[in-house]
1. Just one of the numbered conditions (1) under 19 Å from the mean Cα position of the chain (by Cα); (2) closer than 20 Å to residue 37 by Cα is not true of residue 84; which one?
2. Within region 122-170, track down each residue that is in contact with a Lys or Arg (Cβ under 8 Å, 6 or more places away or on another chain), open to solvent by less than 50 Å² (accessible area, probe 1.4 Å) and at pLDDT 85 or above.
3. Assess whether residue 181 counts as being at pLDDT below 80, touching a helix residue (DSSP H, G or I) at 6+ places or on another chain (Cβ under 9 Å) and either more than 30 Å from residue 98 (Cβ to Cβ) or surrounded by fewer than 17 Cβ atoms within 10 Å (Cβ to Cβ) (or both).
4. When you go through (1) at pLDDT 80 or above; (2) open to solvent by less than 20 Å² (accessible area, probe 1.4 Å); (3) in contact with a Ser or Thr (Cβ under 8 Å, 6 or more places away or on another chain) one by one for residue 173, which number turns out not to apply?
5. When residues of region 115-125 are filtered for being closer than 22 Å to residue 35 by Cα and not polar (S, T, N, Q), how many remain?
6. Return yes or no: is residue 68 assigned to a strand (DSSP E or B), open to solvent by less than 10 Å² (accessible area, probe 1.4 Å), touching a helix residue (DSSP H, G or I) at 6+ places or on another chain (Cβ under 7 Å) and touching a residue at least 12 places away in the same chain (Cβ under 8 Å)?
7. Looking only at residues that are in a loop (DSSP other than H, G, I, E, B) and open to solvent by 40 Å² or more (accessible area, probe 1.4 Å) in region 71-98, which one is modelled with the lowest pLDDT?
8. What's the number of the condition residue 116 fails, among (1) free of Cβ contacts under 8 Å to residues at least 24 places away in the same chain; (2) open to solvent by 50 Å² or more (accessible area, probe 1.4 Å); (3) touching a Pro at 6+ places or on another chain (Cβ under 7 Å); (4) not aliphatic (A, V, I, L, M)?
Amino acid sequence: MKFRAKIVNHVSIRNFAQLVHVLSKAGKQLVLRIGPNKFAFVLSEKEIKANGVTAWCEFAPERCFSEYIMEGMSPENNEIYLEVSSDYLASVLSGLKSSQNTAGLKIKLTKKCVACLTIEIEVQTANSTSVCVHDIPITVLPPRSWTEYQQPQMPVFSVSMSLPDVKIVRKTIERLRHISPRVIITAKPQTHGKIIFSVESMSVKSSVTYTGLRMYEIEGMDPGQIDFGTDEEPVEPRIFEVEVEMKTLFQIISADSLKATSTICSKLDVVSFFTSFTS
């Protein structure tokens, strides 16, 4: 079993560090799923059971790593699953989110007193080059537990629509969370893409509305087929609502540090956020 990877592109190093930082807010334990054709971060099963948040982030190794070498446990199980403390990993990489002097980031599987994920950060200045090495203890997961960390199957959502700039939404949620620990998210697709964040306490009731949002799917219906009615014969608007914990929502919205190119909010019995970004 072998794993070694290297990142030299400054933007890729920054995005990698920011991604780990965002995921560390969602759970204390992360699973690194390392395969020959893909690299994925998966929220640990124990974290999913504890707070109900599921996180999956996958990318092709060539999109991020300049060097990528791996050998799985066997030819039949040519993958590696490593469980690591997300806080520890995020702490080690925290300085890379804004550093301009990072020349390279190496990640490799090593065996010290225990199995470790060794992180080597190469820092280059005008006069010298230094390397900082961190050994993070990990747990190598056996194949019998791999089925717990497969890519989640997405249901057919009741409604999916884009969100405004996540930074704007985050500021909204930050203000509303001081009023109530829970927030109601209401989607009204027939009203030309409207989404409402509402909170209420004993003394205050507040809501923030965003309109003109792009719609993606409503129970398998193409957004272009939605019947908005006419002024003479308006259609009764369909309303979709879900109530979520403000703390959990705020943690997810904090993903704006990834400089997302788009964020989609989808609802069924739960609320899901899909974020895409470029490196």
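1. In the conditions (1) under 19 Å from the mean Cα position of the chain (by Cα); (2) closer than 20 Å to residue 37 by Cα, residue 84 misses (2) alone.
2. Answer for region 122-170, where residues must be in contact with a Lys or Arg (Cβ under 8 Å, 6 or more places away or on another chain), open to solvent by less than 50 Å² (accessible area, probe 1.4 Å) and at pLDDT 85 or above: just 149.
3. On the way: at pLDDT below 80: no; touching a helix residue (DSSP H, G or I) at 6+ places or on another chain (Cβ under 9 Å): yes; either more than 30 Å from residue 98 (Cβ to Cβ) or surrounded by fewer than 17 Cβ atoms within 10 Å (Cβ to Cβ) (or both): yes.
Here the answer is no, as residue 181 does not meet what is asked.
4. (3)
5. Of the residues in region 115-125, the ones closer than 22 Å to residue 35 by Cα are 115-120.
Right, trim to not polar (S, T, N, Q) and you get 115-117, 119-120.
Selection size over region 115-125: 5.
6. Details: assigned to a strand (DSSP E or B): yes; open to solvent by less than 10 Å² (accessible area, probe 1.4 Å): no; touching a helix residue (DSSP H, G or I) at 6+ places or on another chain (Cβ under 7 Å): yes; touching a residue at least 12 places away in the same chain (Cβ under 8 Å): yes.
Here the answer is no, as residue 68 does not meet what is asked.
7. Step one: list which residues in region 71-98 are in a loop (DSSP other than H, G, I, E, B), which gives 72-79, 98.
If we keep only those that are open to solvent by 40 Å² or more (accessible area, probe 1.4 Å) too, we end up with 73, 75-78, 98.
On the way: 73: 88, 75: 88, 76: 89, 77: 90, 78: 94, 98: 71.
In this case the residue turns out to be 98.
8. Unmet for residue 116, out of (1) free of Cβ contacts under 8 Å to residues at least 24 places away in the same chain; (2) open to solvent by 50 Å² or more (accessible area, probe 1.4 Å); (3) touching a Pro at 6+ places or on another chain (Cβ under 7 Å); (4) not aliphatic (A, V, I, L, M): (2).
The values are calculated or read from the model by the stated rules, or taken from the named source; none is laboratory data. This structure is a prediction, so every number in the text was calculated from the model and none was measured. We place every Cβ from the backbone using ideal geometry, glycine too, and count neighbours over all the protein chains shown. To get the accessible areas, we keep the full protein, side chains included, count just its heavy atoms, and leave off ligands, DNA and RNA. Shrake-Rupley method; radii C 1.70, N 1.55, O 1.52, S 1.80 Å.
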